[in-house]
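All remarks here apply to the structure that follows.
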Amino acid sequence: MLARKDIPVDIAVYEVAGMRRVGANLYSYSEVPSFLKNNKFIESGYRVSLSSGQCVQSLFYWSNESVNIWTHVIGFVMFLVLAVYDNLFLLPSYQATIWDHVVYTLCLTCFQFCMVCSAGYHLFCAQNEEVCKSWLALDLAGICIGLLGCYFPGIYYAYFCFDHWRRIYLFIVCVLILITLVIQTHQRFLSARWATRRLILFCALVAYGVVPVFHWVYLNGGMQTHIVQTFFPRVVFVYFLGVLALMFYATKCPERCLPGKVDYVGSSHQWWHILVVIAFLWWHQCGVAMMNYRHSNKCTSLERTSDLWAATS
Ligand SMILES: [Zn+2]
């Protein structure tokens, strides 16, 4: 491995077909410092010891982080545009209340935060170990906040007619996210040895969602009811996307089977990023459908009775 002081940091300027292009020295896995060694199956394309300005310049040439960065830069722009569009056009067309605006704005702000932290981590991790760890902490906090953004509209609209349960589940989710963020401040949380524990923690946070989902099915009278048959498959699909994303993340496939062949395009982390964006977009659309349903269907007597039972028991 090259010693830190021996690693050249200059951005190379070279000519391709008569045009000046800016490129950089890229390194192989065996040459990079240990804090960048997260995946031994990605063999080339590493940026090392760049300044923050050089990291920003690296947006415009290929490295093994390019797709990771751009997928979430584009994701951030999409959710920003959606937040503006929803508040100015979509929600008014559904005669939305102030709380609909609050829920959508919170949800999309959480998604944007998740995208920014992730893109920032992949962009600036090439500076040095300290900067890399700070951004990694933000990236992991961003995943928590992104999940919070999913829970907000899910619980708000699913428990629209069960106000008592809605308050309970929103409270529990906020507490769970807070506990997860506190655990993340543990000094060993970012270490490679805790990678599995980090994964288990995030899986648990996602898996918890099964509790309010099945309780919602029960409160609505079971699988045969119209509302459950309409929305349950959508929830199953978002979990399918989440599980698929986690499978890529955890198994490091396809690069495990094709080491060095998908360094720049097609690696597991890139699939994880793309699937997260698709899952957020899908969940946003589900929220719109759920809001439309709740605005055009009054709470049934069964729903009112169930909530009254909860409130008085
Ligand atoms: Zn990432």
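The values are calculated or read from the model by the stated rules, or taken from the named source; none is laboratory data. Being a predicted model, the structure only gives us computed values, none of them experimental. Note: ideal-geometry Cβ built from the backbone for every residue, glycine included; neighbour counts use all protein chains shown.
Pairs, please: C-beta under 7 Å, at least 6 apart or cross-chain, first residue under 15 Å from Val73 (Cα atoms) and without any contact (Cβ under 8 Å) to a residue 40 or more places away in the chain and in region 268-283, second among the aliphatic types (A, V, I, L, M) and assigned to a helix (DSSP H, G or I)?
The qualifying pairs are Trp272/Ala245; Leu275/Leu241; Leu275/Leu244; Leu275/Ala245; Ile278/Leu241.
Touching a Leu at 6+ places or on another chain (Cβ under 6 Å) and buried (at least 18 other Cβ atoms within 10 Å of the Cβ): does that describe Leu201? Spell out how you get there, then give the answer.
Values: touching a Leu at 6+ places or on another chain (Cβ under 6 Å): no; buried (at least 18 other Cβ atoms within 10 Å of the Cβ): yes.
No; evaluated as a whole, the condition is false for this residue.
What's the number of the only condition in (1) of a type outside the set (A, V, I, L, M, F, W, C); (2) modelled with pLDDT of 95 or more; (3) more than 27 Å from Gly266 (Cα to Cα) that Ser93 fails to meet?
Result: Ser93 passes all but (2).
Filter region 243-264 down to residues that are within 15 Å of the ligand (Cβ to nearest atom) and small (Gly, Ala, Ser) and give me whichever is surrounded by the most Cβ atoms within 10 Å (Cβ to Cβ).
So, considering only residues that are within 15 Å of the ligand (Cβ to nearest atom) and small (Gly, Ala, Ser), the one surrounded by the most Cβ atoms within 10 Å (Cβ to Cβ) is Ala245.
Hey, among the residues in region 89-134 that are within 10 Å of Gly149 (Cβ to Cβ) and of a type in the set (S, T, N, Q), which one's farthest from the ligand (Cβ to nearest atom)?
Checking each candidate, the answer is Thr109.
Tell me, yes or no, whether region 265-274 has at least one residue that is within 14 Å of the ligand (Cβ to nearest atom), at pLDDT 95 or above and more than 13 Å from the chain's Cα centre (by Cα). Working first, answer last.
Within region 265-274, the first condition is being within 14 Å of the ligand (Cβ to nearest atom), and the residues that meet it are 267-274.
Checking the rest, the ones that are also at pLDDT 95 or above come to 267-274.
After this cut, where a residue has to be more than 13 Å from the chain's Cα centre (by Cα) as well, the list is 267-268.
Yes, region 265-274 contains at least one residue that is within 14 Å of the ligand (Cβ to nearest atom), at pLDDT 95 or above and more than 13 Å from the chain's Cα centre (by Cα).
Might you let me know whether region 208-225 holds any residue that is away from the ligand (no atom under 16 Å from the Cβ) and within 16 Å of the chain's Cα centre (by Cα)? Please lay out each step first, then the result.
If we filter region 208-225 for residues that are away from the ligand (no atom under 16 Å from the Cβ), which is where we start, we get 208-225.
Remaining after also requiring within 16 Å of the chain's Cα centre (by Cα): 209.
Yes, the conditions are met somewhere in region 208-225.
Give the residues of region 33-78 that are closer than 22 Å to Val277 by Cα, in a helix (DSSP H, G or I) and within 16 Å of the ligand (Cβ to nearest atom), sorted by residue number.
Hits for region 33-78 are Leu59, Ser66, Val67, Asn68, Ile69, Trp70, Thr71, His72, Val73, Ile74, Gly75, Phe76.
Answer with yes or no whether Asp86 is away from the ligand (no atom under 16 Å from the Cβ), of a type in the set (Asp, Glu), at negative phi and buried (at least 19 other Cβ atoms within 10 Å of the Cβ).
yes
Output the residue which, of all residues in region 1-32 that are outside any helix (DSSP H, G or I) and at pLDDT 55 or above, is surrounded by the fewest Cβ atoms within 10 Å (Cβ to Cβ).
Applying the filter and picking the extreme gives Ser28.
Taking Tyr104, is it assigned to a helix (DSSP H, G or I), hydroxyl-bearing (Ser, Thr, Tyr), crowded, with 22+ Cβ neighbours inside 10 Å and touching a residue at least 40 places away in the same chain (Cβ under 8 Å)?
yes
Would you confirm whether any residue within region 253-267 is more than 30 Å from Tyr293 (Cα to Cα) and either touching a Leu at 6+ places or on another chain (Cβ under 6 Å) or assigned to a helix (DSSP H, G or I) (or both)?
Within region 253-267, the subset more than 30 Å from Tyr293 (Cα to Cα) is 253-267.
Next cut, either touching a Leu at 6+ places or on another chain (Cβ under 6 Å) or assigned to a helix (DSSP H, G or I) (or both) only: none.
For region 253-267, residues more than 30 Å from Tyr293 (Cα to Cα) and either touching a Leu at 6+ places or on another chain (Cβ under 6 Å) or assigned to a helix (DSSP H, G or I) (or both): absent.
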